[in-house]
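**Q** To start, I am sharing the structure in question, which I have written as structure tokens.
FYI, it's all coordinate maths here, none of it is from the lab. If you're wondering where the values come from, they're calculated on a predicted model, not measured in any experiment. Counting neighbours? That spans all protein chains shown, and the Cβs are built from the backbone with ideal geometry, glycine included.
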Amino acid sequence: MGRKYKPKLAVWKFASCDGCQLTLLDCEDELLAVTDEIQIANFPEASRAIVKGPYDVSLVEGSITTSHDAERIHKIRRSSKVLVVIGACATAGGIQALRNFANVEDYKSIVYASPEYIDTLSKSTPIADHVFVDFELRGCPISKSQLIELVTAYLSGRKPNIPPHSVCIECKRRGTVCVMVSTGIPCLGPVTQAGCRALCPSYNRGCYGCFGPKETPNTDSLSVQFKKFNMSRDAIKRAFRGFNAYAEPFRKASEAHEK
């Protein structure tokens, strides 16, 4: 009898904080349960062992910020049957995409002692701006349960069951009173994709939009509500410029309130 084929799983890092990869490492019990069924072929965060591709599933964390990154992601795409991007950096450019609203050259001399050694692109961009992406898993960081669902789905040959609805639905499901309605606290929950189990509203704080924009988010309507809370144009702009600032709906909402 021939040896059973084990699907190859690879994990790749670009410009990021490693938080989403750590979420994968935090799935230790779940990973142990499937170690006999899959082969972790490339995951430097967890092992020095590297197995050559092609890979059945590649998980990519981080944004594209250098010309070398832009070249490398094409090589990874060519060697991957399925390419999934994980986290706000990979799906929307991350917090580092705040550079996209300014001139990077103006900040090099302020941040770095020897700016002449810095070789970077003018913008931090999501992976989908460079190659075809099979699926985007949102979050900063991503949800452990959603990650397990995603990996299980692709290794089983089915579509991941990741909810596209808003954080507001999660508030209702856990019985959390709406912070905007009850206390007038500004909250991005109505335009943000679910995934965190409404963590911030459960502590009487507004959602910060960690999971990025949900399907068809009405940011214009939410901005009108923010104005009723006497938020300034600058405050509304900053509300949309968080971890997913360069996601198109949030980017347009913030730019609409530029002075």
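**Q** Hey, among ILE110, ILE95, ILE118, ILE142, which residue is without any contact (Cβ under 8 Å) to a residue 60 or more places away in the chain and in contact with a Phe, Trp or Tyr (Cβ under 9 Å, 6 or more places away or on another chain)? Before the answer, list the steps.
**A** Values: ILE110 fails: in contact with a Phe, Trp or Tyr (Cβ under 9 Å, 6 or more places away or on another chain); ILE95 fails: without any contact (Cβ under 8 Å) to a residue 60 or more places away in the chain; ILE142 fails: without any contact (Cβ under 8 Å) to a residue 60 or more places away in the chain.
Among ILE110, ILE95, ILE118, ILE142, only ILE118 is without any contact (Cβ under 8 Å) to a residue 60 or more places away in the chain and in contact with a Phe, Trp or Tyr (Cβ under 9 Å, 6 or more places away or on another chain).
**Q** Take ASN204 and decide whether it is of a type outside the set (A, V, I, L, M, F, W, C), touching an Asp or Glu at 6+ places or on another chain (Cβ under 9 Å) and farther than 22 Å from GLY93 by Cα.
**A** Working: of a type outside the set (A, V, I, L, M, F, W, C): yes; touching an Asp or Glu at 6+ places or on another chain (Cβ under 9 Å): no; farther than 22 Å from GLY93 by Cα: yes.
It is false that ASN204 is of a type outside the set (A, V, I, L, M, F, W, C), touching an Asp or Glu at 6+ places or on another chain (Cβ under 9 Å) and farther than 22 Å from GLY93 by Cα.
**Q** Right, here's the next one. Applying the selection to the range 147-158, what residues are in contact (Cβ under 8 Å) with a residue 12 or more places away in the chain and either more than 22 Å from LEU25 (Cα to Cα) or surrounded by 21 or more Cβ atoms within 10 Å (Cβ to Cβ) (or both)?
**A** LEU147, LEU150, VAL151, TYR154
**Q** Return the residues of the range 213-255 that are of a type in the set (Val, Ile, Thr), loosely packed, with under 14 Cβ neighbours inside 10 Å and under 23 Å from the mean Cα position of the chain (by Cα); say none if nothing qualifies.
**A** Correct list: THR216 only.
**Q** What is the one condition in (1) exposed (fewer than 14 other Cβ atoms within 10 Å of the Cβ); (2) closer than 25 Å to PRO164 by Cα that GLU258 does not satisfy?
**A** Among (1) exposed (fewer than 14 other Cβ atoms within 10 Å of the Cβ); (2) closer than 25 Å to PRO164 by Cα, GLU258 violates only (2).
Listed here are the residues, each with its yes/no results for (1) under 20 Å from the mean Cα position of the chain (by Cα); (2) surrounded by fewer than 13 Cβ atoms within 10 Å (Cβ to Cβ); (3) closer than 23 Å to GLY19 by Cβ; (4) among the aliphatic types (A, V, I, L, M).
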{"residue": "CYS168", "(1), (2), (3), (4)": "yes, no, no, no"}
{"residue": "ARG173", "(1), (2), (3), (4)": "no, yes, no, no"}
{"residue": "GLY195", "(1), (2), (3), (4)": "yes, no, yes, no"}
{"residue": "SER202", "(1), (2), (3), (4)": "no, no, yes, no"}
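**Q** Here is a further query. Could you list all residues from the range 175-193 that are surrounded by 22 or more Cβ atoms within 10 Å (Cβ to Cβ) and free of Cβ contacts under 8 Å to residues at least 24 places away in the same chain?
**A** CYS187, GLY189
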